[in-house]
Amino acid sequence: MNRSPCSHDSAPRRPLLLALACTPTSGPTRPAPSVPEAPELPAGLSGLVEPWHPFDPQLADSAPVWLVTRYQPGTYPCRPGPDGSLDMLIQDRFTALQVVRGAAHAPGVDLDLHALRGPAYPRAYAEERRYLLLLRPGPKGQALLADSQALGGMHDRWGPDEVLAVIDLDQTEAEAAAERVPASRSGEFAGGRWDPAHWAGLRAAATPEPARQRELAAFLQSTVTRPRAPLAEVRAWLGPPDSQHLHADGSRSDGYVLSHPAYAQPVADGLYGQLELRYDARLELRAVELGYLRWSVSLQLQSSTMLTAEEHAKLGLPRIELEFR
C-alpha cells in the first residue's frame with residue numbers, strides 16, 4: 001500500500017555536480033535483444049497492441065473484459081493511522097477510454113498496483129499513458145463496472161484476482177527492448193573483476209563495506225555511467241532495478257538498493273545504499289546519484305535519511321552526484 005504524508009516539509013536538495021560532455025565516450029555496445037515473435041492478435045486489438053508488447057493470448061482468453069484506459073493517479077482523502085498520524089493513500093485510477101471486449105459502463109477503475117507484481121504487469125506506470133486491462137471481475141467488480149456513475153473508493157481497488165494482466169500500450173519498442181536486457185557484462189577494475197555475480201554480492205551484503213563501496217563508485221563512474229549512456233547499455237551492466245519510476249514526458253529513473261538485508265529489515269542506525277539513475281525521454285542517462293541512508297526506528301515509526309557529506313566522509317563511504325548536459 002503506497003502512502004504519502006498529508007503534510008511535510010521539503011528540505012532543499014544540494015546542488016548537483018555538473019559533468020559536461022560535448023562528445024560522449026564510445027565503448028562496446030551490446031545489440032538490443034530481438035523482439036519476440038508476436039502472436040496473432042484477436043479482433044479489436046489490431047492497432048492497439050504492438051509486436052513488442054507482452055500479449056499472452058491464453059491470459060486474454062481468461063479475461064471476459066478488455067478495457068483500454070488512461071492512468072491518472074491521485075490521492076484518497078486522509079485517514080487516521082494506527083499511531084494517530086494521518087495517512088494519505090495514493091489513488092491509482094485508470095480512466096476508461098474504450099471497451100474492447102465485454103461490458104463496462106463505469107468511468108474507470110482503481111487498481112492496487114502494490115499487489116499487481118510479476119511478468120503480467122508493467123514494472124512502473126506513467127501518468128497519462130494508455131493501458132489495456134485484462135479483467136476477470138468478481139461479483140463486486142461486475143457491479144462496479146455496470147454502474148455508469150461508480151468509481152469506487154480505497155476499499156474497491158482491484159487486485160490480481162480480477163486484473164489478469166496490464167499492457168502498456170504507449171511503451172515504445174526501444175523501451176521494451178531495454179526492459180528485456182539482463183545483467184551480463186563484465187570488466188576489470190582496480191579491486192578485481194566485475195561481473196553479474198560481483199554486482200549481486202554487493203547488493204546482498206548485510207551492510208555497506210566502505211572499501212568495496214568505493215570500488216563500486218569508481219567502476220560506475222569510469223565504465224558504467226557514461227554521459228548519455230543508453231538505458232539498454234546500462235541495464236547490460238546492472239540488470240533490472242529494484243524500483244522504477246516513469247514520467248509523463250517519457251523520462252524515467254531506476255533505483256538500485258545496496259545492502260538489501262539492511263534495507264529490508266530496518267534496524268536502528270542501520271545503513272544501506274541507494275543508486276539512482278535518471279534518463280531522459282530518449283532513454284539516455286542524464287543524472288547519477290549514489291548515497292547511503294541511516295534508519296531511524298521506533299515503536300511507531302520507521303524512516304531513513306540520507307547521510308550528510310560529513311558523515312559519508314567520516315565513514316569512508318562514497319557519494320556521487322552527477323548531471324550530464
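Descriptive notes on the structure:
- Exactly one residue out of 206, 200 is of a type in the set (Gly, Ala, Ser) and more than 22 Å from the chain's Cα centre (by Cα): that is 206.
- Some residue of region 131-142 being surrounded by 13 or more Cβ atoms within 10 Å (Cβ to Cβ), in the same structural domain as residue 95 (by TED's automatic domain parsing), within 23 Å of residue 253 (Cβ to Cβ) and of a type outside the set (A, V, I, L, M, F, W, C): yes
- Members of region 176-193 found to be in contact with a strand residue (DSSP E or B) (Cβ under 8 Å, 6 or more places away or on another chain) and more than 25 Å from residue 212 (Cβ to Cβ), listed by number: 178
- Being surrounded by 18 or more Cβ atoms within 10 Å (Cβ to Cβ), part of a strand (DSSP E or B) and assigned by TED's automatic domain parsing to the domain that holds residue 183 is a description that applies to residue 253.
- Residue check for residue 285: touching a residue at least 40 places away in the same chain (Cβ under 8 Å), crowded, with 17+ Cβ neighbours inside 10 Å and under 23 Å from residue 209 (Cα atoms): no
The values are calculated or read from the model by the stated rules, or taken from the named source; none is laboratory data. Just so we're clear, the structure is a prediction, and the values are computed from it rather than from any experiment. Neighbour counts are summed over all protein chains in view; Cβ atoms, including those assigned to glycine, are modelled from backbone coordinates with ideal geometry.
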